[in-house]
Amino acid sequence: MKKWILVLAVLLSTAASTTPIVRHPDGSVTINTSTLEAEEGYMGPTPLLIHLDAQDRVTRIEALPNSETPAYWGAVMERLSTLWNGLPVQKVLSRQVDAVSGATYSSQGFFSNLEKGIIYYLNTKEE
């Protein structure tokens, strides 16, 4: 129970951040797409937390609170969230993945947030 409270506290503090990119002392990065203008899912915004390691590889993608139908959003996250794990950030945008059948709008919201987050990160790296 204490572990879940800690995880929730970290997610809420990260979700409340107005800065889309958080750089951690170990070199890893968290990209919060909640403040980026991305295409919405069926029921509204579908923000994500995109985690990168110190070598700019995706380590995980997490969902932030949204209004999507839980069954559809759950299917999207189950099928799509791990497909980029281990991929260098420079190759994320070139990976072609089909939408989850029956959850097309939710899938498009996921893809749009992933794309917006990665583009934002790459643009800030180049500055």
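Could you tell me whether ILE61 is surrounded by fewer than 18 Cβ atoms within 10 Å (Cβ to Cβ), in contact with a helix residue (DSSP H, G or I) (Cβ under 8 Å, 6 or more places away or on another chain) and not polar (S, T, N, Q)?
Values: surrounded by fewer than 18 Cβ atoms within 10 Å (Cβ to Cβ): no; in contact with a helix residue (DSSP H, G or I) (Cβ under 8 Å, 6 or more places away or on another chain): yes; not polar (S, T, N, Q): yes.
Criteria not met by ILE61.
Checking THR35 against (1) surrounded by fewer than 18 Cβ atoms within 10 Å (Cβ to Cβ); (2) in contact (Cβ under 8 Å) with a residue 24 or more places away in the chain, which test does it fail?
Looking at each condition in turn, THR35 falls short on (2).
Please specify each residue of the range 32-62 satisfying the condition of being out of contact with any Pro (no Cβ under 6 Å at 6 or more places or on another chain) and assigned to a strand (DSSP E or B).
LEU48, LEU49, ILE50, HIS51, LEU52, VAL58, THR59, ARG60, ILE61, GLU62, listed by residue number.
Please specify each residue of the range 21-63 satisfying the condition of being under 13 Å from TYR120 (Cβ atoms), at pLDDT below 95 and not polar (S, T, N, Q).
Within the range 21-63, LEU36, GLU37, ALA38 qualify.
Within the set of pairs 6 or more residues apart or between chains, which connect a residue that is at pLDDT 95 or above inside the range 98-127 to a residue that is among the charged types (D, E, K, R) with Cβ atoms less than 7 Å apart?
Within 7 Å, the pairs are VAL100/ARG79; SER106/GLU68; GLN108/GLU39; GLY109/GLU39; GLY109/GLU40; SER112/GLU39.
For SER67, work out the one condition from (1) closer than 21 Å to ILE119 by Cβ; (2) assigned to a loop (DSSP other than H, G, I, E, B) it doesn't fulfil.
(1)
Can you work out which of the residues in the range 71-115 that are exposed (fewer than 13 other Cβ atoms within 10 Å of the Cβ) and among the hydroxyl-bearing types (Ser, Thr, Tyr) is farthest from LEU36 (Cα to Cα)?
SER101
The values are calculated or read from the model by the stated rules, or taken from the named source; none is laboratory data. Because the structure is a prediction, the values reported are computed rather than measured. Here Cβ is always computed from backbone atoms with ideal geometry, including for glycine, and neighbour counts include all displayed protein chains.
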